[in-house]
Amino acid sequence: MKKAVAITYATFSFIAFTAVIFVTGFLLYEQYDKNRIEFLNRFEGIREKALAWYTADPSFESESFSGGTASFLRAEERLFIVSLYSPRQGLLYSIEKTGKNSPSFLKSRIIPDTGSLDPAWKGEPEYKRLPIHFQRMKLKFSLEPELFLEAVYTPLTKTEISLVIKWGLFGLIVWLMLSIIIRLFISGGTRNDTPVRPAGTFTGEPLPDGFFGEEPYEIQTEEITEPPLPAHRQSEQKEFTGAGSRAPEHETYEAVRHKGARDLFSPATSLGWEDHLSQRLQFEINRTASSNQDLVMVLIGIDNYTNLLRGESIYRNIARCILDNFPFQDLAFEYGEARFAIILPDMELHNGIKEMELFQKKINQSMFEDQHVTVSIGLASRNGRLLSGTILINEAVKALEKAIEAGRNKIIAFKSDPEKYRKVLSAKMDRKK
């Protein structure tokens, strides 16, 4: 469900962000085009008036001509320069926003200091001090002699640009708020990693395919019943509530075990009792097989447990780390002395290895009772096989033993060959016939 929400959110975010950028650009262009058309209409009006002023008094310095163009310049917020020039004669008249009639900021046909012709003249003036964003608009002033009236203006003022950008920022803020809400929903219920001090690195490596277990185990077909007590729990008088933790003196192990059978979880670690592992694992195997999903069985062993000080406390602390990182309490179990079992449903083996690499790093980088503690990890997966939980646990046990033999603090994966598994099963069935 949350994965689908994440995909939908990513798609929506891309579309929303693109839409905000597109709408902002479109509004800016629409405002630009509107301003250009409006300015062209007003500029055509001033050209007609200026032509009438010049016809009545053919002088660019006349009061009517210079005063009219100066008034137009002051009335237009976006206008910066008005000039009159001839491609042959050069610049004839120019006025800028400050009201100065100074061609010093132009490159004209006539060099002001010498009065000589400028060979670089290209038929129109070159403006030097211009706003960052500007446009040039010119209209034919008269045919004989050939004259042009030109205006340099900004098609978008700062006020217009800021108004459009504010709407775009508002859209981005709304998108950001929705993103936070959706992100909180997606991350809800996920594991809460505890910050740890940086130290140590991962050194374990998964085994290649077929490293061991060349032949598949025989499938167990007997009905799943209450399993016998594990070897390390044979003594009914052993006082025990979790791995190494002691129960009240009046409670024997058998009493605590039956109490745990009702409560499902060990009171010492809050993990499931080992007695429930096989049945829970078989249920998950059947469920994942019906939906064609994979499943990973993980066994974790504390290295050199007997040599650690306050081992029972360390065991409980690592159990809490497991619950913090793998929050499905009914899929995490105690398993023998100084060991844990975790079921990772709907997950392929390579993803299970990555998950355990992260977990092992956190253990390596943490301090437990002022001691550096390492763990060895063994993994096995269903990998398309229809098998019993007992077989999968045995494969994980072999992987864990191999990790310990390889020098501890390793991650070893049992990689099965489904095709070989099916062939051996088929051969066994043929022999039975």
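The values are calculated or read from the model by the stated rules, or taken from the named source; none is laboratory data. As the structure is a prediction and not an experimental result, all values here were calculated from the model. Ideal geometry is used to build each Cβ from the backbone, glycine not excepted, and the neighbour counts take in all protein chains shown. Just the protein is used for accessible areas: all its heavy atoms, side chains included, with ligands, DNA and RNA removed. Shrake-Rupley method; radii C 1.70, N 1.55, O 1.52, S 1.80 Å.
The residue that is farthest from the chain's Cα centre (by Cα), counting only those in segment 375-420 that are crowded, with 19+ Cβ neighbours inside 10 Å and among the β-branched types (Val, Ile, Thr), is 391. Comparison of 336, 352, 378 shows that the only residue that is assigned to a loop (DSSP other than H, G, I, E, B) and either within 27 Å of residue 416 (Cβ to Cβ) or touching a Lys or Arg at 6+ places or on another chain (Cβ under 6 Å) (or both) is 336. In this entry, residue 306 is excluded by the filter for residues that are touching an Asp or Glu at 6+ places or on another chain (Cβ under 7 Å) and among the hydroxyl-bearing types (Ser, Thr, Tyr).
Taking the condition in a helix (DSSP H, G or I), closer than 21 Å to residue 148 by Cβ and open to solvent by 80 Å² or more (accessible area, probe 1.4 Å), does residue 74 pass?
Working: in a helix (DSSP H, G or I): yes; closer than 21 Å to residue 148 by Cβ: no; open to solvent by 80 Å² or more (accessible area, probe 1.4 Å): yes.
In short, no.
Scanning for something loosely packed, with under 13 Cβ neighbours inside 10 Å, free of Cβ contacts under 8 Å to residues at least 12 places away in the same chain and not in a helix (DSSP H, G or I), does segment 21-44 turn up at least one residue? No, segment 21-44 contains no residue that is loosely packed, with under 13 Cβ neighbours inside 10 Å, free of Cβ contacts under 8 Å to residues at least 12 places away in the same chain and not in a helix (DSSP H, G or I). Any residue in segment 356-370 that is under 22 Å from residue 293 (Cα atoms), in a helix (DSSP H, G or I), of a type outside the set (D, E, K, R) and open to solvent by 20 Å² or more (accessible area, probe 1.4 Å)? No, segment 356-370 has no match at all. All of 309, 344 fail the test of being open to solvent by 50 Å² or more (accessible area, probe 1.4 Å), modelled with pLDDT of 90 or more and outside any helix (DSSP H, G or I), apart from 309.
Filtered by the rule that a residue be touching a Phe, Trp or Tyr at 6+ places or on another chain (Cβ under 8 Å) and part of a helix (DSSP H, G or I), segment 50-68 gives 50, 51, 53, 54, 64, 65, 66, 68.
Name the one entry in 173, 186, 180 that is part of a helix (DSSP H, G or I), open to solvent by less than 100 Å² (accessible area, probe 1.4 Å) and at pLDDT 80 or above. Please lay out each step first, then the result.
Numbers: 186 fails: at pLDDT 80 or above; 180 fails: at pLDDT 80 or above.
None of the others qualify; the one that does is 173.
Have a look at 16, 10 and point out the one that is outside any loop (DSSP other than H, G, I, E, B), open to solvent by 30 Å² or more (accessible area, probe 1.4 Å) and small (Gly, Ala, Ser). Give the steps one after another, and end with the answer.
Details: 16 fails: open to solvent by 30 Å² or more (accessible area, probe 1.4 Å).
Answer to the selection: 10.
The single condition from (1) among the basic types (Lys, Arg); (2) in contact (Cβ under 8 Å) with a residue 24 or more places away in the chain; (3) more than 21 Å from residue 283 (Cα to Cα) that residue 382 fails is (3).
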